[in-house]
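Structure first, commentary second.
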């Protein structure tokens, strides 16, 4: 089996039957070899069946305009750009593991007892599925989670019903996540971007299971909807585990930021698997959970004459390294620090950079010299002996940005909306844009922007602006700026959206996943004020 074919199985693992786990080896010392692999068949003493998943088509007839999928590593023409993706954010962990040969991990006696039913049949199936997932990647053991989970199971499209059935079965058994958890933002907002009846119906048609999804998350221990955000680590949201914590997260940009800036240990999980791990409180140890998997195979030598567009820079890195880990030098001059960590303004820069590496490629962890925790502690010792170097100077960044295509259905049309915030905006970002737009309007003597400006953020972030700058918030709302909780790519991926919307954005992640076009801040301000593209 080729690695690319193997990777394509990853998103199905959390949905698969767990019938074939059999009895696992008891715990042994680390220096002892585990029992030899055995065929992956059901034990005669363990007749428990896996989750009952209906035999339905997984095609989603609604949200079908998303352009790319970073899980599979494809270029704008849909061609593969790598054959070594594991979906973890690190290619470590598969070197000595052939997915065609069965592998058994070593469990503790407590874990074996759970498989044998000590905590009930449903929990046995949960852990069995996690173990099978770990065995696919050659994991030797499970480790306990010690930080709050984050789920990327957030879109209630028709495809999600089998997953909902599985989690409803878990909720019916009275199980919950080991800690209250956060969830990605919803793909619909009927109060702001959904005021247009056409777009409202698009959302309702595409996501008919949204209420059911919210309900099962609530039963499993999710936190309230005002903190549902792809940027779960924002101070106002508060899902910020201590450095070194092992957590179960499954949002590519959150995993990227958590591993890199917060120093957490998180593998990029398939949607749904992170909830199973949250229920059990355990994850398989492989990929970036182990020290070997956090080494950098690329030195990204940034030699720019001015501060870059952070999303574009991340796009250059992600396209080059795909999922291998980069060690970045030359950008610390633009990153402010406070109390030994990036300040709140720099959080937005690293968020934009990292999320773009995770979408243009599949990067789950990056190191920045003098900035991120492991780079500060270990420096260039994080580089492997066989690392490669990629120099990004002004010409190279301009070349990369020149590859960004105009995917509008009407390439010569005028823009219809400005989208800011993917991942969700920080408080500092919505304050920056509110002041920038308010100032430009007053200077031009305009009451309103020419086209809608849509800023995505969790409600708690918007409420902070209301608390700190109520007059400013009032003025920008009157001027046509909309604050929304949506996931921008999911909203842009609605069937038919590309036919009626020609959006522009500051997010390279949003550009990569949709038909939005990328511009810098000054150009976006001009577009918002005039409704025209810059000459």
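The values are calculated or read from the model by the stated rules, or taken from the named source; none is laboratory data. Note that the coordinates shown come from a computational prediction; the quantities given were computed from them, not determined experimentally. All Cβ positions, glycine included, derive from the backbone under ideal geometry; neighbour counts span all protein chains shown.
A few comments on the model shown:
- Meets criteria (within 27 Å of residue 124 (Cβ to Cβ), under 14 Å from the mean Cα position of the chain (by Cα) and surrounded by 24 or more Cβ atoms within 10 Å (Cβ to Cβ)) for residue 229: no
- Annotation note: of 316, 362, 358, the sole residue that is closer than 17 Å to residue 304 by Cα and crowded, with 24+ Cβ neighbours inside 10 Å is 316.
- Residue satisfying condition, being closer than 30 Å to residue 208 by Cβ, in the same structural domain as residue 217 (by TED's automatic domain parsing), surrounded by fewer than 23 Cβ atoms within 10 Å (Cβ to Cβ) and touching a helix residue (DSSP H, G or I) at 6+ places or on another chain (Cβ under 6 Å), within set 168, 161: 168
- Listing of strands (runs of 3 or more DSSP E) fully contained in region 353-466 that carry 2 or more residues being closer than 21 Å to residue 511 by Cα: 417-420, 453-456
- Subset of region 495-507 [crowded, with 22+ Cβ neighbours inside 10 Å and either in a helix (DSSP H, G or I) or within 19 Å of the chain's Cα centre (by Cα) (or both)]: 505, 506, 507
- Qualifying residue in region 176-194 (condition: more than 27 Å from residue 457 (Cβ to Cβ) and either assigned by TED's automatic domain parsing to the domain that holds residue 241 or at pLDDT below 95 (or both)): yes
- Comparison of 194, 174 shows that the only residue that is on the phi > 0 side of the Ramachandran plot, outside any helix (DSSP H, G or I) and more than 23 Å from the chain's Cα centre (by Cα) is 174.
- Enumeration of residues in region 213-238 that are in a loop (DSSP other than H, G, I, E, B), in contact (Cβ under 8 Å) with a residue 40 or more places away in the chain and more than 18 Å from residue 422 (Cα to Cα): 221, 223
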